[in-house]
Amino acid sequence: MIFLGTTFFSGKYTLSPLNANIDGISQIQMTDGTYDHLFISANPEKGPANIHDEWDEHTVLNADFNDNLEAGNSGFSLKNTDTMVIKIREKGTMDWKTIETKRVKNVEDFNFYGIYRFARNNTDYELMLLSTIAGIENSYVVREVRSEFDGMYLIGNDGLFGTVYDLDGCDTTRNTTASIVNLLNNRYASVYSNGISNYDSGSVTGTFLKLDPDSGLADEAGGIGLRREFIDFLCNQKPKVLKLFDGRIWLVRITDTPSDTQNGHPDLRQITFSWAEIGDVNSVKDLYQNGLTDVTSEWW
Amino acid sequence: MANQLNTPIVNWSPAFDPAFSHTFTFSYTGNQAVKNRAVIYDNDTYENVYDRIQEGLKLDHVLPSNTLASGRTYVIQIQVFDAAGASSALSAPVVFQCFTSPEFYFSNAEDKMVLSSANFTVLLSYSQTESEPLQQFQYYLYGQDRTLLYSSDVFYDGSNLTHTIYGFHNDSIYYLRAVGRTVHGMELDTGYLQIIVQYQIKPANILFSAQNHREGGYLSYYTGIKSIGYETQNDHYSFAGGEVTLWDNMLTYNDQFCITGDFTVVLKARKLPLETFFRMKADDCPYEISMRMLEIGGLYYCRLTVPYGLGDYVFYRELPKAELADAGGHRLTTASGIPISIVNLTYNAEDLVTFTLRRKGGLYSLTLSFEEEEA
């Protein structure tokens with residue numbers, strides 16, 4: 001019976017003292033004995049079946065006592081790591097590309113956040129976190145992620161712009177050198193190539209709008225600023241990476257003069273720009289030489 | 001017949017193995033030579049060991065194999081003849097040596113070997129039947145397409161034929177090669193040895209997460225690496241079979257973690273003494289959560305102690321009982337279906353006991369389970 005919020009000790013546990021809640025546990029001690037494994041997680045649903053699971057955000061410590069007493073993320077420590085390396089490759093390919101390196105001097109340096117902007121659309125990637133010391137690789141971990149985005153993105157080392165509106169097909173041309181010579185004594189033409197030029201060029205047209213994040217409606221004043229910033233970005237004479245929703249991607253420079261034209265309504269402005277391919281977007285060396293990555297030559 | 005042609009000059013020849021044919025070259029100007037004569041003497045005995053004429057327009061003379069003997073020094077002279085029969089004088093004598101081909105190879109590497117580390121200490125082997133010394137040698141490393149990636153210094157100490165090459169990348173193919181020269185100029189070459197690098201770098205169990213950002217068109221990743229600090233009272237601990245044994249010692253994990261709220265502790269242990277073996281403590285707090293083994297009335301228990309402000313909660317859990325099974329691994333049960341088990345009247349503790357301690361919503365639980373040691 002509950003009367004005035006009390007059961008008058010008739011509940012099974014009403015006379016039991018309150019549970020203790022020793023909080024902020026920061027020491028685990030083990031004395032004499034033979035130990036096979038120690039696993040601690042902040043998730044109370046974990047159990048003996050989870051002691052070999054991958055480290056997650058709830059794992060506190062995990063010691064397998066396999067020739068050492070380490071209980072942290074095994075394989076990465078100040079003793080065996082002076083540089084952390086992030087590598088990427090398309091799933092199913094063999095070659096890894098280094099996309100970031102970080103020198104490690106103290107424990108805090110092991111935790112960092114990074115972004116990779118040059119992933120193609122609808123492509124599965126494998127990311128590898130690798131620890132190295134004096135250039136020698138030791139421990140690693142690999143994660144898979146699928147890259148998906150819409151529209152078009154133009155990425156430089158000082159900005160990123162994109163749009164999904166009214167994109168054209170981004171038609172391209174493959175440029176090579178070939179000269180046709182008609183000979184007097186030959187019915188057929190002779191074709192000569194006096195160069196090794198072999199690059200793509202093309203143009204992109206899209207509508208650039210700025211949407212109000214709360215209402216989802218077009219922000220007219222903001223759109224003017226956005227388009228001006230984008231054209232400044234196009235005209236800064238710096239290399240960029242252009243990537244499209246269909247998976248195509250190039251390392252480019254903007255050629256010609258971008259244009260800003262009305263697309264049927266005063267608030268709908270299209271920007272058109274032309275580009276030419278200036279390097280191999282899959283080459284870390286080309287990206288470095290064009291200022292789009294900080295990964296230096298010893299990691300290529 | 002009058003010597004009307006210019007005297008040829010025999011070019012210096014490095015030492016060679018007489019088991020193979022060898023070409024002596026010479027320089028000559030004048031009428032077209034259509035044949036030449038080579039005369040070879042043993043430099044020690046002055047015995048004429050070879051005297052032949054070869055026809056040909058080229059300014060060389062091919063010595064057939066097995067004409068001379070290894071370990072000897074010889075002298076060669078050459079004269080030329082033109083189509084009219086005019087001849088030159090014999091050239092100035094040129095000394096050369098014959099030695100058996102040395103053995104020059106990598107003694108700890110073979111073609112298409114698999115290398116399981118990022119560096120490799122190569123060991124060259126050199127031997128020569130007539131004890132011709134090794135004068136110099138050098139190591140080369142090539143990439144998969146045989147482009148030169150690395151060349152060592154030129155070494156002159158034939159007593160130290162080891163060299164360590166660093167920086168092999170995993171899942172890559174390299175070619176290893178060494179070249180050298182003996183004192184009398186015999187060229188040595190190990191040839192290209194293909195090395196396949198596949199080392200087992202340890203997969204790490206760390207927090208590494210990657211995410212796609214559709215609206216921004218980029219991928220993000222972050223790492224959460226923990227290095228847990230620990231200390232022991234002394235070095236009374238040893239590792240064997242994936243376990244650590246402590247004696248007269250205490251292992252304390254005390255850095256880079258802090259448990260607040262709910263948790264699960266899974267501890268697999270055996271051979272525990274009848275005393276407190278596990279503690280969880282908070283800084284600046286006199287209380288601790290502990291587990292100890294004890295024997296009560298001939299049975300063995302694990303006692304969990306959880307303090308609260310006025311006293312302790314105490315949980316007793318009986319050590320898991322061993323259950324009987326038949327040869328097929330099926331548990332034996334009584335007629336009413338109760339598993340037949342053996343009460344733990346002794347604590348040999350050869351089998352692992354898994355202690356699962358949970359705190360959920362402020363409530364504690366302790367479960368003991370039994371794991372047989374793998375044969």
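A few notes on this one:
- Taken together, the criteria place B:Pro18 among residues that are surrounded by 15 or more Cβ atoms within 10 Å (Cβ to Cβ) and closer than 12 Å to B:Phe96 by Cβ.
- Residues located in segment B:258-273, provided they are open to solvent by 60 Å² or more (accessible area, probe 1.4 Å) and either touching a helix residue (DSSP H, G or I) at 6+ places or on another chain (Cβ under 9 Å) or touching a residue at least 60 places away in the same chain (Cβ under 8 Å) (or both): B:Lys271
- Residue list for segment A:269-287, filter: at pLDDT 95 or above and open to solvent by 40 Å² or more (accessible area, probe 1.4 Å): A:Glu277, A:Ile278
- Meets criteria (within 14 Å of another protein chain (Cβ to nearest Cβ), open to solvent by less than 30 Å² (accessible area, probe 1.4 Å) and modelled with pLDDT of 90 or more) for B:Ser220: yes
- Hits in segment B:59-71 (condition: closer than 18 Å to B:Trp12 by Cβ and part of a loop (DSSP other than H, G, I, E, B)): B:Leu59, B:Leu68
- Odd one out for A:Asn80 among (1) modelled with pLDDT of 90 or more; (2) under 25 Å from B:Thr232 (Cβ atoms); (3) more than 8 Å from chain B (Cβ to nearest Cβ): (1)
- Only a single item in (1) touching a Ser or Thr at 6+ places or on another chain (Cβ under 8 Å); (2) open to solvent by less than 30 Å² (accessible area, probe 1.4 Å) is not met by B:Asn6, and it is number (2).
- Matching residues in segment B:109-129 - criterion: being open to solvent by 60 Å² or more (accessible area, probe 1.4 Å) and not β-branched (Val, Ile, Thr): B:Glu110, B:Asp111, B:Lys112, B:Ser116, B:Leu123
- A single member of A:Arg248, A:Arg228, A:Arg253 is free of Cβ contacts under 8 Å to residues at least 12 places away in the same chain and either under 23 Å from the mean Cα position of the chain (by Cα) or open to solvent by 50 Å² or more (accessible area, probe 1.4 Å) (or both), and it is A:Arg228.
- Residue within segment B:317-328 that is in contact with a Lys or Arg (Cβ under 9 Å, 6 or more places away or on another chain), among the hydrophobic types (A, V, I, L, M, F, W, C), open to solvent by less than 70 Å² (accessible area, probe 1.4 Å) and modelled with pLDDT of 85 or more present: no
- Residue within segment B:37-49 that is exposed (fewer than 12 other Cβ atoms within 10 Å of the Cβ), β-branched (Val, Ile, Thr) and part of a loop (DSSP other than H, G, I, E, B) present: yes
- Only a single item in (1) assigned to a loop (DSSP other than H, G, I, E, B); (2) touching an Asp or Glu at 6+ places or on another chain (Cβ under 9 Å) is not met by A:Val252, and it is number (1).
- Residue count, segment A:130-181 (criterion: facing another protein chain (nearest Cβ under 8 Å), over 30 Å from B:Phe168 (Cβ atoms) and of a type in the set (D, E, K, R)): 3
- Test: residue in segment A:197-218 that is open to solvent by less than 50 Å² (accessible area, probe 1.4 Å), hydrophobic (A, V, I, L, M, F, W, C) and touching a helix residue (DSSP H, G or I) at 6+ places or on another chain (Cβ under 8 Å): yes
- Residues of segment B:277-295 satisfying the condition of being open to solvent by 20 Å² or more (accessible area, probe 1.4 Å), within 7 Å of chain A (Cβ to nearest Cβ) and part of a strand (DSSP E or B): B:Arg279, B:Lys281
- With a requirement of 1 or more residues that are in contact (Cβ under 8 Å) with a residue 12 or more places away in the chain, closer than 30 Å to B:Val95 by Cα and not assigned by TED's automatic domain parsing to the domain that holds B:Ser13, the strands (runs of 3 or more DSSP E) lying completely within segment B:160-257 that satisfy it span B:172-182, B:187-189.
- Candidate set from segment B:64-108 (those that are among the charged types (D, E, K, R) and open to solvent by 40 Å² or more (accessible area, probe 1.4 Å)); member that is nearest to the chain's Cα centre (by Cα): B:Glu103
- Of the residues making up segment A:259-268, not a single one is out of contact with any Lys or Arg (no Cβ under 8 Å at 6 or more places or on another chain) and open to solvent by less than 40 Å² (accessible area, probe 1.4 Å).
- Of all residues in segment A:206-241, those satisfying the criterion of being assigned to a loop (DSSP other than H, G, I, E, B) and of a type in the set (D, E, K, R) are A:Lys210, A:Asp212, A:Asp214, A:Asp219, A:Lys238.
- Against the conditions (1) within 29 Å of A:Leu226 (Cα to Cα); (2) without any contact (Cβ under 8 Å) to a residue 40 or more places away in the chain; (3) among the small types (Gly, Ala, Ser), A:Ser201 satisfies every one except (2).
- Within segment A:255-285, tally of residues that are touching a helix residue (DSSP H, G or I) at 6+ places or on another chain (Cβ under 6 Å), under 26 Å from A:Thr123 (Cβ atoms) and outside any strand (DSSP E or B): 1
- Segment B:155-177, residues that are open to solvent by 30 Å² or more (accessible area, probe 1.4 Å), within 14 Å of B:Ile195 (Cα to Cα) and either among the hydrophobic types (A, V, I, L, M, F, W, C) or within 13 Å of the chain's Cα centre (by Cα) (or both): B:Tyr166, B:Gly167, B:His169, B:Asn170, B:Ile173
The values are calculated or read from the model by the stated rules, or taken from the named source; none is laboratory data. If you're wondering where the values come from, they're calculated on a predicted model, not measured in any experiment. Because the Cβ atoms are built from the backbone with ideal geometry, glycine has one as well, and the counts that use them run over all protein chains shown. Keep in mind that these areas ignore ligands, DNA and RNA; they rest on the heavy atoms of the full protein, side chains included. Shrake-Rupley method; radii C 1.70, N 1.55, O 1.52, S 1.80 Å.
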